[in-house]
1. Among the residues that make up the range B:211-232, is at least one of them closer than 24 Å to B:Asn40 by Cα and either aromatic (Phe, Trp, Tyr) or in contact with an Asp or Glu (Cβ under 6 Å, 6 or more places away or on another chain) (or both)?
2. Of the residues B:Ala209, B:Ala281, B:Ala258, which is outside any helix (DSSP H, G or I) and more than 14 Å from chain A (Cβ to nearest Cβ)?
3. Can you name every residue in the range A:22-41 that is modelled with pLDDT of 95 or more and among the polar types (S, T, N, Q)?
4. Can you pull out the residues in the range B:234-247 that are surrounded by 17 or more Cβ atoms within 10 Å (Cβ to Cβ) and within 14 Å of chain A (Cβ to nearest Cβ)?
5. Could you list all residues from the range B:345-371 that are part of a helix (DSSP H, G or I) and surrounded by fewer than 20 Cβ atoms within 10 Å (Cβ to Cβ)?
6. Of the conditions (1) within 14 Å of chain A (Cβ to nearest Cβ); (2) in contact with a Ser or Thr (Cβ under 6 Å, 6 or more places away or on another chain), B:Val388 clears all except one; give me its number.
7. Is the range B:311-325 home to any residue that is closer than 30 Å to B:Thr238 by Cα, modelled with pLDDT of 95 or more, within 14 Å of chain A (Cβ to nearest Cβ) and surrounded by 19 or more Cβ atoms within 10 Å (Cβ to Cβ)?
8. Which one is surrounded by the fewest Cβ atoms within 10 Å (Cβ to Cβ) among residues in the range A:35-81 that are of a type in the set (Lys, Arg) and more than 14 Å from chain B (Cβ to nearest Cβ)?
Amino acid sequence: MKFIIAIIKPFKLDDVREALTGVGVSGMTVTEVKGFGRQKGQTEVYRGAEYTTNMVPKLKIEVACSSEVAAQAVEAIQTAAGTESIGDGKIFTLGLENAVRIRTGETGDTAI
Amino acid sequence: MRKFLTISAGLAVMAAAAPALAQEVAEVADPSANTAYILNTLLFLIGGFLVMWMAAGFAMLEAGLVRSKNVSMQCLKNIGLYSIAGIMFWVIGYSIAYPGFEGGYFGIADFPYAMQGVGEADVETGYSVASDWFFQMVFCATTASIVSGTVAERVKVIPFFIFVFVLTGFIYPVVVSWEWGAGWLDAMGFSDFAGSTLVHSTGGWAALAGALIVGPRLGRYVGGKITVMPGSSIPLATLGTFILWLGWFGFNGASQLAMGTISDISDVSRIFVNTNMAAAAGVVVAIILTQVLYKKIDVTLALNGALAGLVSITAEPLTPSVSQALLIGGIGGAIVVFAVPLLDKLKIDDVVGAIPVHLLAGIWGTLIVPFSNTEVPFLAQLTGVVAVGVFVMLTSSIIWYAIKFTIGVRPTEEQETLGMDISEVGVEAYPEFAKG
């Protein structure tokens with residue numbers, strides 16, 4: 001099993017969700033986050049004083065899936081979240097040891 | 001009622017021949033003394049509750065412009081100061097403001113103010129004295145509201161209330177007695193229709209003294225750099241500004257002090273128009289200037305622009321033509337756009353911009369009165385501005401220093417960093433949000 005963490009532009013959420021369900025991913029968790037990467041933030045003026053917004057708002061998506069689906073899922077996210085401009089985000093793939101469905105106690109692939 | 005409608009319809013027709021209008025008004029019979037008493041009192045009551053509602057405007061404006069960790073505190077200060085002002089103005093404030101002297105510097109009538117009895121009405125005075133007291137009281141509260149915004153986020157609640165206690169019970173009433181209480185400024189021809197100087201500059205000077213003596217918020221000016229601390233809610237700040245704008249029709253309109261004659265109610269209407277136009281011009285000028293200077297329009301300065309326009313027209317909202325009102329308010333808006341960053345350069349931390357809005361636009365509005373009202377001598381206006389400035393700066397500084405060196409005025413660094421919602425109030429305004 002794999003665990004995929006993707007940081008994406010907030011307005012790309014619906015596209016990414018659609019793409020992921022299209023390749024058979026059946027669930028995801030989304031969090032509002034802030035951070036920075038190559039997109040350093042930008043300079044704004046508030047009441048005549050300049051300041052830099054050095055943390056850019058993003059969404060963090062977490063997906064657990066079987067190893068077979070993982071490559072397709074990563075590709076789906078990359079295609080759906082891309083705008084070909086700086087700040088599109090990153091996708092990280094981690095190995096996943098186990099998963100448990102709380103209601104039934106099922107484990108492994110059947111739990112996700 | 002029908003009779004009045006007929007008269008106003010007739011006036012509307014006559015308005016086409018504008019020069020003849022004043023003459024025609026004189027020929028219309030004014031209502032009886034009893035009716036005038038009722039109408040005058042109604043003006044005080046309507047104006048009074050509109051100005052009372054400005055306390056809500058200040059509270060929302062300030063709640064929106066402070067960081068989320070100090071919003072509860074700002075709300076508490078605002079409802080507290082409004083209440084303290086009301087009590088103090090009854091206990092002693094009104095008696096100092098209207099001591100019954102002529103040309104004096106300081107006087108005091110019997111206190112606490114003897115409110116009228118049940119069913120009592122002296123038609124000779126032309127209005128209910130309780131309605132007059134109420135109307136005067138809410139102006140006193142406005143003065144205190146101005147201070148809370150400037151020194152927000154770094155003054156503990158009890159020291160703040162002590163300052164308000166003295167401001168509303170002594171400092172503001174003395175200033176009022178000089179002009180509206182028939183004191184020495186009034187005797188020399190000084191004119192301040194609804195209080196550009198008496199209310200707004202007085203609040204502004206007291207705020208400036210506070211900002212200088214209390215110092216800036218922690219980390220605001222470090223190593224020659226300005227740390228921007230954006231407000232927590234632009235919608236609240238906008239709502240607050242609209243509430244203040246609405247309240248100002250009471251502030252300026254009811255300062256006509258009479259609605260019992262055709263000419264009085266007509267003048268109140270003219271004041272409404274000028275008041276609105278000055279605010280509108282203040283906004284438009286702030287929008288244009290921030291776009292030109294910063295390539296983006298600053299909504300908080302547009303809000304301040306409205307208030308600066310309103311303060312500017314408050315010293316004389318009746319005599320200006322519409323275009324003069326636009327000019328007076330527009331320059332008020334410009335003052336704010338240039339003065340806000342200037343205060344930052346001087347390291348004077350004014351959280352909501354009350355010093356540019358109330359003090360500087362108040363001075364501007366007072367000095368420009370002779371432009372539309374040629375009967376007012378400029379020298380008297382200048383004297384009033386300087387005298388109120390010296391008196392309020394001096395007395396406010398004494399009080400701020402006295403508090404600072406006795407019980408202390410600021411929270412500890414730890415408390416200030418944590419936010420006063422937690423350290424002082426114990427109730428967070430937005431408990432589900434991360435700390436700002």
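The values are calculated or read from the model by the stated rules, or taken from the named source; none is laboratory data. Quick caveat, the model's predicted, so the values are computed rather than measured. Note that each Cβ is placed from the backbone with ideal geometry, even for glycine, and that neighbours are counted across all protein chains shown.
1. Let us first name the residues in the range B:211-232 that are closer than 24 Å to B:Asn40 by Cα, namely none.
No, the conditions are met nowhere in the range B:211-232.
2. B:Ala258
3. Once the filter is applied, which keeps residues that are modelled with pLDDT of 95 or more and among the polar types (S, T, N, Q), the range A:22-41 yields A:Thr29, A:Thr31.
4. Matches in the range B:234-247: B:Ala237 only.
5. Residues of the range B:345-371 part of a helix (DSSP H, G or I): B:345, B:354-367, B:369-371.
Answer for the range B:345-371, where residues must be part of a helix (DSSP H, G or I) and surrounded by fewer than 20 Cβ atoms within 10 Å (Cβ to Cβ): B:Lys345, B:Leu367, B:Pro370, B:Phe371.
6. (1)
7. Start the filter on the range B:311-325 by keeping residues that are closer than 30 Å to B:Thr238 by Cα, which leaves B:311-325.
Subset that is modelled with pLDDT of 95 or more: B:311-325.
Applying the additional criterion that residues be within 14 Å of chain A (Cβ to nearest Cβ) yields none.
So far as the range B:311-325 goes, no, none of its residues is closer than 30 Å to B:Thr238 by Cα, modelled with pLDDT of 95 or more, within 14 Å of chain A (Cβ to nearest Cβ) and surrounded by 19 or more Cβ atoms within 10 Å (Cβ to Cβ).
8. So, considering only residues that are of a type in the set (Lys, Arg) and more than 14 Å from chain B (Cβ to nearest Cβ), the one surrounded by the fewest Cβ atoms within 10 Å (Cβ to Cβ) is A:Arg38.
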